[in-house]
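Below is one structure, written out as structure tokens; comments come after it.
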Amino acid sequence: MAQIYERVALIGLGLIASSMCHAMRRAGLAGEIVGYARSAETRDIAREIGLCDRVCDTAAEAVKDANLVVLCVPVGAMEAVAKEIGPALKPGTTVSDVGSVKRTVVDAVGPYIPEGVHFIPAHPLAGTEHSGPRSGFAELFDNRYTIIVPVEGSDPQAVDRLTSLWTGIGALTETMDADHHDLVLAVTSHTPHLIAYTMVGVADDLRRVTDSEVIKYSAAGFRDFTRIAASDPVMWRDVFLNNKEATLEILGRFTEELFALQRAIRQGDGDHLHDYFTRTRSIRRGIIEAGQDTDAPDFGRVKARKK
Ligand code: NAP
């Protein structure tokens, strides 16, 4: 695939940025990849593993003469980073991000984008529970959606170019406005994460079930919750602080449904439970048919071997 940007600067070098590095290299999409991370430790690791072509010690230095700048830091850190790099951006550059919430990022970053610089937020819907520069891999975004969120006045050519980058990285793309994105993600990602955090917290609180029992007898349901609940605390703190309204709306609906199921169990209403579970099973089928997950039993996991 042909080069799309001569120089790409990645600010923040964690899971998403490092996966972008590997995927851009795999397809030859960037002439040069420049990186910056807040801590010297992360910058040193990035240099040691040769993650980028060049790692800079300041964000302003990293974005100098870049054609594309992608902010890959937690949502709550986007504003401070934008403020720092704003004066160093040259006209014609595109600034994007990968934050999991879009409205607050649009509002926080937008004011620091100089005249002549294109601001096109985005969000790849792919991740794992791992963090840091060593956790990335080129296949992370393959066949997963990246939502592009053009803002008022976004240049269509610049949007097309960013879309081609994500397609080249392996993703499917869709455009959406920021508020709609935040509502969709509250349903598909943010609230499920909160529920997983809660369930793991409940198990931890129940002293009758000891730690060793929780681990020893972890059946698929609980085990899958623990994987989700192992996600980065800073990232997820920022997601809930920044997608407050949509998450609270979906949580309200969730609580109502939970009460209805609770009543069905108490009243022995098997029909209600059976109908409900039949409906939810068909959603899983839809996800598999859309190529967004495997239909192999237990997500295709190979059984962990006994040591
Ligand atoms: P990560 O692996 O934890 O890496 C985060 C990076 O941001 C690190 O380089 C870290 O620097 C830097 N950082 C943290 N706090 C900062 C601050 N206050 N100021 C400046 N830099 C800071 O995170 P990630 O999973 O790649 O997530 C990055 C972004 O992608 C987030 O906005 C997240 O919402 C979004 N996202 C994540 C996923 C996912 O599943 N993980 C999926 C889609 C989108 P140091 O290493 O120096 O501490």
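For the stretch 268-273, just list the computed ³J(HN,Hα) in residue order, Karplus coefficients 6.51, -1.76 and 1.60, θ = phi - 60°, integers in Hz, with x standing in for Gly and Pro.
Once θ is set to phi - 60°, the couplings for the stretch 268-273 become x, 7, x, 4, 4, 5 Hz.
Over the chain, calculate the relative contact order: mean separation of alpha carbon pairs under 8 Å at least 6 apart, over the residue count, as a percent.
16 percent
How large is log10 I(q)/I(0) at q = 0.19, 0.24, 0.31 Å⁻¹ when the Debye formula is applied to the Cα atoms of the stretch 36-93, each weighted equally and without solvent?
These q points yield log10 I(q)/I(0) values of -0.71, -1.06, -1.34.
Under a 5 Å amide H to amide H cut-off, with H placed in plane at 1.01 Å, what residues pair with G35 once short-range neighbours are removed?
Amide H neighbours of G35, under 5 Å, 5+ apart: L10, R54, V55, C56.
With a 10 Å cut-off between alpha carbons and a GNM built on the chain, which of P297, P233, P124 moves the most?
Fluctuation is largest for P297.
Where does each of F259, F222 land when they are ranked from fewest to most other beta-carbon atoms within 10 angstrom?
F259, F222
Sorted from largest down, give the three principal axis spans of the alpha carbons of the stretch 170-307, whole angstrom values.
Reported extents, whole Å, longest axis first: 46, 44, 33.
Give or take rounding to whole Å, what are the principal axis extents of the alpha carbon atoms in the stretch 5-176, in descending order?
40, 34, 29
I need the phi-derived Karplus couplings for the stretch 167-172: 6.51 cos²θ - 1.76 cosθ + 1.60, θ = phi - 60°, integer Hz, Gly and Pro marked x.
Along the stretch 167-172, the couplings run 5, x, 5, x, 8, 8 Hz.
State the number of lysine pairs found in the chain whose Cα atoms come within less than 16 Å, restricting to pairs 8 or more positions apart or on distinct chains. Let's see the in-between values first.
Working: K64/K83; K64/K90; K102/K244; K216/K303; K216/K306; K216/K307.
Final tally of qualifying lysine pairs is 6.
Among H272, H193, which comes first, second and so on when ranked by fewest other beta-carbon atoms within 10 Å? Walk me through the intermediate numbers first.
Working: H272 15, H193 19.
Placing the least packed residue first, the sequence is H272, H193.
Given the -39500 (n - 2.57) contribution per DSSP H run of 4+ residues, what per-residue ellipticity at 222 nm results for the chain, rounded to the nearest 500 deg cm²/dmol?
Rounded to the nearest 500, the figure is -14500 deg cm²/dmol.
Using the alpha carbon gyration tensor of the stretch 119-169, what are the three equivalent-ellipsoid semi-axes (square root of 5 times each eigenvalue), largest first, in whole Å?
24, 12, 9
For the chain, I need the span (max minus min coordinate) of the C-alpha atoms along each principal axis, in Å, sorted largest to smallest.
So the three principal-axis extents are 66, 48, 35 Å.
What percent do you get for the relative contact order of the stretch 186-307 when only Cα pairs under 8 Å and 6+ apart count? Walk me through the intermediate numbers first.
Details: 44 pairs, mean separation 30.8, N = 122.
Relative CO of the stretch 186-307 lands at 25 percent.
With a sphere of radius 12 Å drawn around the Cβ of G136, what net charge do the other residues whose Cβ falls strictly inside it have (Lys, Arg +1; Asp, Glu -1)?
+2
Roughly how many nanometres apart are two label points built 7 Å out from the Cα toward the Cβ at E41 and V234?
That separation, rounded to one decimal, is 1.0 nm.
Coordinate-derived values only; no laboratory data. Keep in mind that what you see is a predicted model, and the values were worked out from it rather than measured. Reconstructed Cβ throughout: ideal geometry from the backbone, glycine too, with neighbour counts over all protein chains shown.
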